[in-house]
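Quick note: the coordinates plus some simple rules give every number you see, no bench work behind them. Worth saying up front: this structure is predicted, and the values here are computed from it rather than measured. Quick reminder, even Gly has a Cβ in these numbers, built from the backbone with ideal geometry, and neighbours come from all protein chains shown.
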Amino acid sequence: MSDATATLEGKAAELGRLDHWIDGATTAPAEGNYLETVSPMTGQPALRVAAGTPGDVDAAVAAARRAAPGWRHFVSAERGRLMLALAEAIRADNQRLAELERADSGKPMAGALAEIEGSAQYFEFYGSLVYLPAGDVLDVAPDQHVFTRREPFGVVGVITPWNLPMNQAARAIAPALVAGNVIVAKPSEITSRTTIELARLATQVGFPDGVINVVLGTGPTVGEAIVSHPDVRKVAFTGSVAVGQAIGRIAAERIIPLTLELGGKSANIVFEDADLDIAAKEAVRGFTLNSGQVCSAGTRLLVQRSIYDRFLDAVKEVTETVVPGEDIGPIITPAQYQRVQGYFRVAEEDGARKLTGGEVASVEGCEGGFYVKPTVYADVDNSMRIAQEEIFGPVLVAIPFDTEEDAIRITNDSPYGLIGTVWSRDISRALRVADRIEAGQVFVNVWNTMSVQTPFGGHKHSGYGREKGIEAIHHYSHLKTVTVKI
Ligand code: NAD
């Protein structure tokens with residue numbers, strides 16, 4: 001053992017250890033390797049996380065395949081009862097789960113608790129949908145009985161990012177399960193704890209072993225092994241565009257369906273007749289929530305020129321009330337922290353006018369943490385990099401516009417299309433604009449009030465397929481037509 005390894009081993013011995021969850025049990029990685037995570041609140045080592053390998057994925061897929069026939073033919077009511085029991089178990093444990101989420105991501109407890117509650121709601125909602133009809137009878141001919149039925153794919157791979165870890169895992173796992181699939185999930189290697197807890201709680205409330213498996217480790221090793229595995233028949237991926245493209249190439253070779261939930265650069269369009277007080281507060285919530293590390297963050301603010309200065313004064317004032325370390329957490333990793341600061345430099349080089357922020361923040365007691373001040377740039381041109389690229393930090397770019405047509409053109413001049421928001425008291429105008437925004441969801445006079453019932457997904461580089469709502473079940477099942485001669 002080298003000195004360097006000996007030191008690492010000595011230090012690692014003090015850290016907690018997180019293993020896979022395979023076939024209803026904690027399972028150490030076959031090759032015995034671990035990654036070390038860093039707390040974004042302190043910059044200090046936080047946890048040893050199993051560094052899975054394709055062998056671990058094989059074991060998880062084999063467990064899932066063993067569980068698949070039983071789960072698929074489980075009486076629907078039983079499946080629903082288990083889903084509801086899991087929702088209640090998540091709720092009953094919400095404080096501990098929120099603390100684990102906070103330990104991984106540094107987010108304030110209020111945000112972590114909201115995320116845990118959202119996770120419970122997915123199991124509650126999909127658990128209540130088990131009685132939905134599984135197909136139709138078609139009146140094709142008098143001597144034929146023709147019916148369709150929804151069938152599960154089998155093993156579904158679920159690969160999730162670090163920003164809302166348990167919530168995004170639950171968002172894909174719950175509809176996949178209720179459609180009769182079994183799961184091999186891989187959370188981000190940075191925020192693995194609550195996905196493991198989700199699987200552990202499922203086992204505790206009575207889910208059969210192998211129905212939910214979680215393999216930990218990096219994307220290129222574990223994630224790719226899941227997408228490439230011949231027995232994985234569908235993949236739900238939430239993450240970056242680049243990785244979505246890489247997964248898409250493998251899925252195209254294998255001809256398996258994908259749900260891709262990718263990035264965003266969503267527009268908040270404020271017309272001169274809007275309720276400006278509410279719009280300003282919501283615009284700030286829209287780019288600071290989870291420190292801007294939200295795919296649907298409203299990071300482009302389009303303001304009609306007649307109210308531009310007045311509105312930006314209000315936005316600046318509200319932004320300066322948002323306190324890093326209290327209201328918002330840190331940026332997730334050192335690399336992402338550097339990346340956000342890189343965009344501060346890009347903004348300056350491109351000639352944007354800084355209204356507030358644009359620098360790191362120091363938080364008492366968290367001196368090594370990765371905090372930045374909520375930041376607003378004015379007089380931004382939509383062609384600038386800070387207006388086109390997803391920063392994934394609390395950074396807002398404000399762009400003036402003159403007419404309704406201008407607002408629509410600027411909004412749609414983006415590689416992304418996840419959400420859009422319109423602020424106007426003229427409902428006819430708001431609906432005209434909503435109709436023309438290229439995005440999967442549009443909000444009018446409110447920002448991003450999503451529920452488990454509202455289908456969610458993107459246009460363009462924001463992805464395809466839909467999560468949430470009854471719609472999602474259709475993305476986790478395929479339709480078979482049976483024709484019987486009578
Ligand atoms: P990421 O793409 O780097 O990682 C996401 C997941 O994919 C992680 O589990 C990672 O380990 C895995 N992965 C990485 N490389 C892989 C590969 N080659 N094969 C298979 N899996 C691989 O994303 P991130 O940095 O964790 O998250 C931030 C991104 O996620 C942002 O772009 C954000 O907009 C997006 N996001 C989208 C949504 C949505 O619902 N649309 C929600 C949250 C985050």
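Assuming a ≥ b ≥ c are the square roots of the Cα gyration tensor eigenvalues, decide whether the chain counts as rounded (a/c under 1.5), prolate (otherwise, with a/b larger than b/c) or oblate.
Verdict is oblate for the chain.
Provide the packing ranking of 106-113, 183-190, i.e. peptides ordered by the mean count of other C-beta atoms within 10 Å per residue, highest first.
In descending order of packing, they fall as 183-190, 106-113.
Specify whether the C-alpha gyration tensor of region 267-451 places it in the rounded, prolate or oblate class, a ≥ b ≥ c being the square roots of the eigenvalues: rounded for a/c under 1.5, otherwise prolate if a/b is larger than b/c and oblate if not.
Values: a/c = 1.73, a/b = 1.65, b/c = 1.05.
It is prolate, given that a/c is not under 1.5 and a/b is the larger ratio.
Give me TRP423, TRP447 sorted ascending by neighbouring Cβ count inside 10 Å, so fewest comes first. Working shown, then result.
Details: TRP423 28, TRP447 23.
Fewest to most other Cβ atoms nearby, the residues stand as TRP447, TRP423.
Based on the mean of other beta carbon atoms within 10 Å per residue, what is the order of 389-397, 167-175, 150-158, 462-470, most packed first?
In decreasing order of mean packing, 389-397, 167-175, 150-158, 462-470 become 167-175, 389-397, 150-158, 462-470.
Would you be so kind as to identify which of PHE370, LEU431, TYR464 lies farthest towards the positive end of the dipole of the chain, taking Lys and Arg as +1 and Asp and Glu as -1 on Cβ and the Cα centre as origin?
Comparing the listed Cα positions along the dipole, TYR464 ranks first.
With +1 on the Cβ of every Lys and Arg and -1 on the Cβ of every Asp and Glu, and nothing else charged, how large is the dipole of the chain about its Cα centre, in debye rounded to the nearest 20?
The calculation lands at about 1260 debye.
Which ³J(HN,Hα) values in Hz, rounded to whole numbers, follow from the phi angles of region 253-270 under the Karplus curve 6.51 cos²θ - 1.76 cosθ + 1.60, where θ = phi - 60° and Gly and Pro get x?
3J(HN,Hα) across region 253-270, in whole Hz: 4, 7, 6, 10, x, 10, 10, 10, 10, 10, x, x, 8, 6, 9, 10, 9, 10.
Label points 7 Å out from Cα along the Cβ direction at GLU31 and ASP426: separation in nm?
6.2
Each residue of region 77-83 in turn: what ³J(HN,Hα) in whole Hz from Karplus with 6.51, -1.76, 1.60 and θ = phi - 60°, glycine and Pro shown as x?
4, 5, 4, x, 4, 5, 4
At a 10 angstrom cut-off on C-beta neighbours, averaged per residue, how do the peptides 301-311, 403-413, 246-256, 114-124 rank from highest to lowest?
Output ranking for 301-311, 403-413, 246-256, 114-124: 114-124, 301-311, 403-413, 246-256.
From the backbone phi of region 396-411, what are the Karplus-calculated ³J(HN,Hα) couplings (6.51 cos²θ - 1.76 cosθ + 1.60, θ = phi - 60°) in whole Hz, Gly and Pro given as x?
10, 10, 9, 10, x, 9, 9, 10, 4, 4, 4, 4, 5, 4, 5, 4
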